[in-house]
Each structure stands twice: as C-alpha cells, then as structure tokens.
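Inspection log for the structure reproduced underneath, given as structure tokens.
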Amino acid sequence: MSLLEVVVRSVVVLAAFLVLPLLVGQTEHKVMAHMQGRLGPMYAGGFHGWAQLVADGVKFAQKEDVTPREADRWVFRLAPAVSLVAYLVALSVLPLTSGVVGADVGAGVLFVLAAMAVGILGPLMAGWASANKYSLLGGMRAAAQLLSYELPMVLAAASVALAAGTLSLSGIVEQWHPLWLVWQLPGAVVFLVAAVAELQRVPFDMPMADSEIVFGPLTEYTGLRFAFFLLAEYAGIVVMSLLFTVLFLGGWQGPFAAALGWLWTLVKASAVAFVVIWFRVAWPRLREDQLQRLAWLVLVPLGLAQLAITGVWVVLTT
Amino acid sequence: MTTLDVLFTAVGVIAAASAVLSVTTRHVVHAALWLVVTLGTLAGCYLVLGAELIALVQVLIYVGAVVVLVLFALMLTRAPVGPSAEHDTGPVQRVAAAVVAAGTTALLAGVLLAALGGRTVQIHGGSTTELATQLFGRWVWPFELLSVLLLVSLVAALAISRLRADPDSEVRS
Amino acid sequence: MSDDDSVRTRAERGPERRGAATDNMSDRTMDAEQPEREPERGERGGLVPGIFKGLATTARAMVTPSHTAEYPDVLPDLPPRSRGTIALLEENCTSCMLCARECPDWCIYIDSHKETLPATTEGGRERQRNVLDRFGIDFSLCMYCGICIEVCPFDALFWSPEFEYAETDIRDMLHEKDRLGEWMATVPPPPALDPGAADAAEVTALSKPVRPGRATPPAGRP
C-alpha cells in the first residue's frame, strides 16, 4: 500500500465520516417532523431546509467554548474527541462493497466492537469531568447501560461470525445467504436493540434524558465540543447501521451485486438508520431498571440461545 | 532498526510512561484514565507484534469493559475533581510497592533474557485460526479451568451480594 | 418482558392495596384518579402489539400531509372576528372618552377640544362640537379585551385581523390615530348571520310597524 493510497483512503473515509452523519441528521430532522405532523426545517439552503445542519454547524462554531471553572479541564476537553475518533476508526473498516473498504482488517467484527467500546469512555469522561451532578448521573447511567448492552451485542455478532466461519466483515458478507434472515433473526433483533442502547438513543436515552437530568454528560458543553458529541451520535448511527447491514442483511448482496453492490449497502444501511430514527419518534423512554432487566433477562439469554442455535447448525452442516 | 522496531519502542515507552503516571497521579479518575492509555498502548504492542486478535480483544475487554467498570465504581463511590490526599498511601507502602515492582521487573527480565538471550524469534501464530486451534486444542483444559474459575467467582459474588441484603426486604425482581 | 410483569403484579396487588390503605390520603386520591378496574391485558394490547402500534401510528402520520401553515410565505386566513388590532374610524368618534374610561389597562389616550360652529341660520344659536386632537392606543399595555369596542356608542372602534405590527422597541407600540385609521382598511365586513339567527337590531327596528303616536313629536318636548 503506497503512501498515496493511504492518503486517498483516509480522505475518503474522513469525507464519509463528515457527510453520512449529516445525511442521517437531516433525515432525522425531516422524518421526525413529518411523523409528528410538522414540516421540519424549510429555509436553510432553500430547498426543504437541506442545509439546516450546515447552518447548525456554523452556529456551533460561533458559540463560546466554555469550560466550567470547577471542571477537570483536560478530561473535559478531551472527551468529545474520544467519542468522535472511536467512531471514525470504526467506520474506516466497514466495507462498502467487495474490496471497497477504508482498511481491510482480518478480525473486522472485533475491530468495530473494540473501537466502539473505546468510544464509551467519551460520555463517561464528560460526565465526570464536568463537575456537575447531572453530568455525573448521566455518566453513571451511560456506563451502566453501555456495560450491560455490550454483552448481548457481542453475543449477536459472535453468532454471525460463527455462522460465517470468519471474523472478517467482507468474509461474513460473502458467506451470507438470504436464509440467514430467518435463522439469525433473534440475533438480529438482539443486535438492533443493543445497538440502539449503545447509541443512547430513544427508547434507551436515559444517559441524556433531558426531562430528568438536563442533558446528562453534555450538560456543560457548548459550541464546537457539543457539536462534536452530536456528530459522534450520528456517526454512531451510521456505523451501527452499516455494521448491522454487513452482519445481518448481507451487505452488498442483491440483484446486480457486481455493479450496484455499493448501492445495496447504502440502501440497506439507510433503511436501518431510518428504523433507528423511527424508534425515537414512536416510543417513550424506558425506566432505568427496565433497561437493566431488558438487557440481562431478555437480550443476554436470547443472544446465548442464538449462539447455541448457530453452533449446533454449524456443527451439523459442516 | 525497522519501522516496526520504532513503532514498538514508541508504543512501549508510552505504555510504560502512562503506567507510571497511573500509579503516581493524585487524581483517582486520572489514574483510571491513564490505565486506559496503558492498556490501549499495550494492545498497540500486541498489534506491532502481529497478534491482531489479542490486541482487539485487549481493547474490547480491558478498555471497553474493565476500565469502564472501574470508572463506574469510582463515580459511584467518591471521585472528586482534583487531587485527593485521602487516597494517598504512606511512605512505607510506597517503598514496598517500588521494591515489589522492581523485583518483578528484574525477575521477568532475568527469566526472559536467560531463556531467549539475544536471539530473534520468528513470530508465527498470530492469525485468528491458528490462535483458535491452539486455544481449543492444546490449551483447552486450562481454558476450561479458567472458565470454571470465572463461573465460581461469579456465583460467589452473587451469593455474597444476596447474603448481605436485608432479610426483611425482598430482593426486588 | 419487564412491562408484562409489572402490569401483572400491579393487577394482582391492586384490590388488597386498595382495601388496606384507605386511611392513606395519597393512595385514596390516586385511586380516585385511576379507573376503578385495572385494564386487562387484552384491552391494553400487551407490550409487543403496543410497540408495533406506536410504529404504525408514527408511520401513518409521516405519510399524512401536515397542516403546517407556512406563515411568512403563506399569509394566514384569519376569521373576521380575529382580535388582531384595534382600528379607529375617526369620523365616528365624538371624544366621549367612554373607551378610555372603560379600558382596564388605561392604554387609550384621548385629547380633544371644543370648537364653536357658527349658526347656520340667521339669528340661530351657535353650536359646539368636540374635535379629536389625539387618539392613541398603547399596544404594549393593551390586553385585547375589546371592551373599548364594546362600549363605543358610535361604532368608531373595530377589531381588525391585522397582526403584523411588531416593533423592536416597546415604546414604539403606542400607535396614534393616523395609524389606527390606516387599519380601517383591513377591517373585514361583518360575517353573515348564522342561518336561523335573529335579525340584526337595526333590521328589527326598521321592520317594526311605525307606531302612530311616535310619528309626531310628543307635545311636552321643546
């Protein structure tokens, strides 16, 4: 791999990282608005407010970057970067179509999960370093929630990796068969629920529950750092949607996969992102104890059962 | 010196430095965060050595779960912003810790140098398949024993937490 | 699932708790607010159907066109009785001050002076008339109660649906009679009466048979 290639790949991944979350964010603006009988942004950019998030970005850049006096300055300032970089790194190994990937990693599934596990530290650091009780509560909620939901997520991903016989994301897609939609369905449901919880989106947004604890770990953040956290949230949706597509929906598999593989991946991932947005509009927030019950009493057993089914199937068929 | 040597040295130095900072800092949470850096750079060491899977598992388990748990426990108990003197250790303990650390370092260095000397060992077995073959073939009994140990500790932890619960108030389901 | 369990336990616990805690004030009020009977599972639909119901509702709302009025681009179609602002028909005003006195906020300012009109006929009496110098309404104080319009005996004040007169300074909200007069152009004609409603007072008065005794002025009157 030459230096030029590395540069080109990095730039492309960075561009995707900056553009796709904005697309998801704009979709959320419009979809949520229409689901609530509104129109959403209509002015920025002229046509149906397409540039609303660009305008938001400009606004955030103009705002004062406040660090509270009592805060732990370094940790406070570093937290958004930790959140953001984790998802950037995760995005770099997600394949778009056969052979088109930022960096082809052998154990891609583990890589993405590991990168996102590091991203968990962002809200935690933010929550603690803000020296604000609401932030701290939010940080603790985030920690408890992300710890609980990482396990079912890893179990569901492990089931797919077991079925495919490889940890490589491209390899999983190549092994994928439409029948997987049926017998990996429990795993897919577990993964989707855990992914929404990992993203701290409704109905699992207790860490940021604005009606309970102001805005959780982000309470004290302003300006660009706040925007980075929001960008990380939407980048998280992009990463999770792509990962779900690759693991459970067969990535670029579909009619004319040779020519239109990238389109299939994007369409499937967009559908998953749409579902994540849809959840946010349709459902209320769970209570904190319901969250833990759901994780440990429903998702973990389901994930284990799926893993067992997959294991038996793999042993029987090979 | 190859690129990998340089990388390994850099990652190793960062790992060692952050490890030292982790035990010397007076901020409780900073210690945990320096531990993140140490464990992360340790994963980098594995990566440079070609053990991709180990590196990723290291990040996933240690950074993603263990340290998050540590931070959670810290926040749940007491984690003031700023240095806290109450968690400081006395001079005797410090000296003892330094002696133990130096002893362990000397022991490990001695054993490794005696065993390998200046020889260069060809790295192999970094791939996932080979690792799995080794783990579930040659080392399957230690692996299973470790699983049993973990299960025992899990059950024990559960038992302890249930025992301490107030007998009047039922454990809420 | 968690929700199912909590529902069941509440349903099981319900009656005895109600019986035991009658002396508890908060419990009693809670029970009064709650329906007498906990809904059965089938009525509630359960957790899983409820989840999909939520999704279906939002999906239906998404494909239904929204009723949002895009205000600055599309002006609102306001009904004639909208309380947008108060317009003044200066010719009708006699400076009687009724409006200013009835105003709960004291936001109407009226200045007037008397003018003597020369007699129209030779040797006749000179007449006096009030001339309106100033009529101002301070819309920063006005609470749009409409009492001034109600009490005006000569129909000099009208509601207008015009509402776009925001200012950046509160002191600019005091509008004088020229501005109030301009708003007369925006006053819509009164809405048609509802079918079957009684006729307007003027129509009723006109349609009455003329009483013979009133045709000539009463005798005792000068």
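Annotations for the structure displayed:
- Taking 0.36 nm per residue of separation and subtracting the Cα-Cα distance, full extension of the segment from A:Glu70 to A:Ala258 would add 62.0 nm.
- By accessible area with a 1.4 Å probe, ligands and nucleic acids excluded, highest first: order of B:Val99, C:Val187: B:Val99, C:Val187
- Between A:Val19 and A:Val267, the simple spin-label model (points 7 angstrom out along Cα→Cβ) gives 1.9 nm.
- Label-to-label distance, A:Gln62 versus A:Trp183, with points set 7 angstrom from Cα along the beta-carbon direction: 5.9 nm.
- Shown is the FRET efficiency for C:Glu167 and A:Glu212, computed with R0 = 35 Å from the Cβ-Cβ distance and rounded to the nearest 0.05: 0.30.
- Accessible area in the full protein assembly, largest first, 1.4 Å probe, for A:Glu174, A:Glu212: A:Glu174, A:Glu212
- Cα gyration tensor, chain A - rounded (a/c under 1.5), prolate or oblate: prolate
- Cα gyration tensor shape of segment A:1-138, rounded if a/c is under 1.5, else prolate or oblate by comparing a/b with b/c: oblate
- Each Cα pair under 8 Å and six or more residues apart adds its sequence gap; the mean of these over the residue count of chain A is a relative contact order of 24 percent.
- Note on segment A:245-318 and segment C:61-118: Cα centroid distance 60 Å, given to the nearest whole angstrom.
- Distance between the modelled labels on A:Tyr43 and C:Glu202, one decimal in nanometres: 4.3 nm (7 Å Cα→Cβ projection).
- Of the chymotrypsin sites (Phe, Trp or Tyr not before Pro) found in segment C:127-210, those that fall in a DSSP loop while having at most 13 other beta-carbon atoms within 10 Å are C:Tyr144, C:Phe154, C:Phe163, C:Tyr165.
- Charged-residue dipole, Cβ positions (Lys, Arg, Asp, Glu), the protein assembly as shown about Cα centre, Debye nearest 20: 1340 debye
- Solvent-accessible area of A:Trp296, all protein chains in place: 120 Å² (probe radius 1.4 Å, heavy atoms, ligands and nucleic acids excluded).
- Translational D in µm²/s for the protein assembly as shown (Stokes-Einstein at 20 °C, 1.002 mPa s, Kirkwood Rh from C-alpha pairs): 66 µm²/s
- Percent carbon-and-sulfur accessible area, the protein assembly as shown, ignoring ligands, DNA and RNA, probe 1.4 Å: 66 percent
- Gyration tensor (alpha-carbon) shape descriptor, chain B, a/c threshold 1.5: oblate
- Note on C:59-71: average number of Cβ atoms from other chains within 10 Å of each residue's Cβ is 4.
- Solvent-accessible area of A:Trp50 with every protein chain in place, 1.4 Å probe, in Å² to the nearest 10: 150 Å²
- Computed with a 1.4 Å probe on the full set of protein chains, the accessible area for C:Asp199 sits at about 100 Å².
- Calculated [222 nm] ellipticity per residue, helices only, for the protein assembly as shown: -18500 deg cm²/dmol; basis is -39500 (n - 2.57) per DSSP H run with n ≥ 4, divided by all residues, nearest 500.
- Packing, as the average of other Cβ atoms within 10 Å across residues, places the peptides A:63-69, B:11-17 in the order B:11-17, A:63-69, highest first.
- Per-pair calculated FRET efficiency, R0 = 35 Å: C:Thr68 and C:Leu89 via Cβ, rounded to 0.05: 0.45
- FRET E, pair B:Val92, B:Ala10, Förster distance 45 Å, beta-carbon r, rounded to 0.05: 0.80
- Loop-resident chymotrypsin sites (Phe, Trp or Tyr not before Pro) (DSSP state other than H, G, I, E or B) in segment B:28-111 with no more than 10 further Cβ atoms inside 10 Å of their Cβ are absent.
- Here segment A:140-189 and segment A:88-125 have alpha carbon centers that stand 14 Å from each other.
- Kyte-Doolittle mean at least -0.5, axial Cα span of 18 Å or more - DSSP H helices of chain A: A:3-35, A:73-91, A:133-164, A:185-198, A:223-248, A:257-282, A:300-317
- Residue order by solvent-accessible surface for C:His67, A:His48, A:His29, B:His27 is C:His67, A:His48, A:His29, B:His27, largest first, with ligands and nucleic acids left out and a 1.4 Å probe.
The values are calculated or read from the model by the stated rules, or taken from the named source; none is laboratory data. Since the model is a prediction, treat every value here as computed from it, not as a measurement. Here Cβ is always computed from backbone atoms with ideal geometry, including for glycine, and neighbour counts include all displayed protein chains. The area values use the complete protein model at the heavy-atom level, side chains included, leaving out ligands, DNA and RNA. Shrake-Rupley method; radii C 1.70, N 1.55, O 1.52, S 1.80 Å.
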